[in-house]
Amino acid sequence: MESEPVPSASPLLPEPAPPSGATGGPAPAPPPQPQDVLTPLTGAAVFLVLTIDPGGERAVRDLLPDLAGLRRSVGFRAPDGGLACVAGIGSDAWDRLFAGPRPAELHPFRELVGPRHRAPATPGDLLLHLRAARMDLCFELAGLLTGRLAGAATVVDSAEGFRYFDNRDLLGFVDGTENPEGRAAAAAVTVGAEDPAFAGGSYVIVQKYLHDLDAWNALTVEQQELAVGRTKLTDVELPDAVKPPDSHVALTGVTGPDGEELQIMRFNMPFGSFAEGGEFGTYFIGYAATPAVTEEMLRNMFLGRPPGGHDRLLDFSTAVTGSLFHVPTADFLADPPPAPPSASASAPVSESRAGARAADAPTGAPAEIPATASDGSLAIGSLKRTPAR
Ligand code: HEM
């Protein structure tokens, strides 16, 4: 399958000629091509989280350079559909798939246990975030991708998200308004010179939340607005004097050392089922140049700011999954590094990674539990395994 025409470092290709009139040295390499992270919010999305079966590494590696072509096979037939596919790779999977350096900030999702609410870490080697104006395009591509991975990877979580009126979540509030735009959006999600080998990539955290809609709808609209920190109909942020410190908007506002606002890009989608015992929720997906920003927001939500409290939204929203992935550039996917020398070589890597996790853990945050996601257990009881096609 033909992959996306991206700049290549292949020795078979001639070096690009220096620009005419240049006074010396080769032309600078073009910047790496990111995946389609910044696709505008779409009408439909499919979120697939997979674990790689033992021995399935080769099939996964073989799929990566074909992702762009498979997306074209579906998307080209519906040019107005805007089909996009973003692939993310989890921490444990990285060492099973690739030799060479790792993205500097790639680690397993860190579980948070607050006084009232918990953000669990659940298994995830591969994230496929499929977006389009129409669900049929997402569904078709999901079928092709899971078909290619049959017998090599297992879908451990799947959600079909839909646009709900004017980009509202199932709590009835407009979701996504304060996402950064333009250059600020690119800066918020793109790894830069701090990790040159992975510049142009991104990090993504996903969490599936289930809502207690009966309890939420028992609140008055005014009470709901105090929980979110914005007005419901008109989507305007409440004044600081009115906005409670445990509101969602207050706790997800985080700043850097110079007081600058730290931002992430969210592409949350509602999902739901009316079957007996059906679930209604929000699939949270947040891209960032460093997972540290999203993790600080999560600590505020689950452990409180100041510690001991929690985000009022969590009294009506239960996180049932949590995974973290690196999103490499399109160039990386088109021409991935070689496979690690042998499966046995990955054992010491895992040990050193466990040590690195302990060293990474921020002091004074005892409620962050080291992730044990590689045991294959979701430990949440209710997720059904979706058979790979
Ligand atoms: C149940 C899950 C969630 C729901 C229903 C939800 C909903 C909302 C809503 C309605 C807003 C206000 C409008 C907007 O600016 O988008 C908002 C803002 C925001 N949310 Fe969430 N959210 C959820 C989870 C999260 C999580 C897990 C994070 C980060 C870890 C997060 C980060 C943010 C940020 C950064 C803002 C913008 C705050 C601002 O600067 O005004 N959200 N969310």
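Just so it is clear, none of the values below were taken in a lab; they were calculated from the coordinates. Being a predicted model, the structure only gives us computed values, none of them experimental. When we count neighbours, we look across all protein chains shown, and the Cβ atoms used for this are built from the backbone with ideal geometry, even at glycine.
Summing Lys, Arg as +1 and Asp, Glu as -1, what charge do residues with Cβ under 14 Å from the Cβ of L127 carry, L127 excluded? Before the final figure, lay out each step's value.
On the way: positive: R131, K208; negative: D36, D92, D125, D157.
Every neighbour counted, the sum reads -2.
Cut-off is 10 Å between beta-carbons; in what order do R168, R305, R299 appear when sorted fewest neighbours first? Write out the running numbers ahead of the final one.
Details: R168 16, R305 19, R299 22.
Listing R168, R305, R299 from fewest to most nearby Cβ atoms yields R168, R305, R299.
How do R61, R77, R110 line up, fewest other C-beta atoms within 10 Å first?
Numbers: R61 18, R77 11, R110 24.
Going from sparsest to densest Cβ surroundings: R77, R61, R110.
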Amide H to amide H under 5 Å from E111: which residues, 5+ apart in sequence or cross-chain, H placed 1.01 Å off N in plane?
A121, I369, A371
Contour minus Cα-Cα span, R72 to D214, at 0.36 nm per residue, comes to 46.9 nm
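What FRET efficiency, computed as 1/(1 + (r/R0)^6) with R0 = 30 Å and r the Cβ-Cβ distance, is obtained for D335 and F139, rounded to the nearest 0.05?
Details: r = 29 Å, r/R0 = 0.97.
Efficiency at R0 = 30 Å is approximately 0.55.
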What is the sum of charges, Lys and Arg at +1 and Asp and Glu at -1, for the other residues whose Cβ falls under 9 Å from the Cβ of D175?
+1
Between the modelled labels at L41 and F274 (7 Å from Cα along Cα→Cβ) the distance in nm is 2.4 nm
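Hey, with R₀ at 22 Å, roughly what FRET efficiency would A292 and E178 work out to, going by the Cβ-Cβ distance, to 0.05?
On the way: r = 19 Å, r/R0 = 0.87.
Once the sixth-power term is evaluated, E becomes 0.70.
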Can you compute log10 of I(q)/I(0) for segment 44-359 with the Debye formula, treating each Cα as one identical point scatterer, at q = 0.07, 0.14, 0.16 Å⁻¹?
-0.28, -1.16, -1.48
For a paramagnetic label modelled at 7 Å from the Cα of E194 toward its Cβ, which residues of segment 245-288 fall within the zone defined by backbone nitrogen distances under 17 Å?
254-265, 287-288
Express the relative contact order of segment 166-242 as a whole percentage, based on alpha carbon pairs under 8 Å and six or more residues apart in sequence.
23 percent
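Taking the beta-carbon count within 10 Å as an exposure proxy, list V37, V113 from fewest neighbours to most. List each step's numbers first, then the result.
Details: V37 20, V113 15.
Ordered by Cβ neighbours within 10 Å, fewest first: V113, V37.
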Go ahead and run the numbers for FRET between R58 and A104, Cβ-Cβ distance against an R0 of 35 Å, rounding to 0.05.
0.85
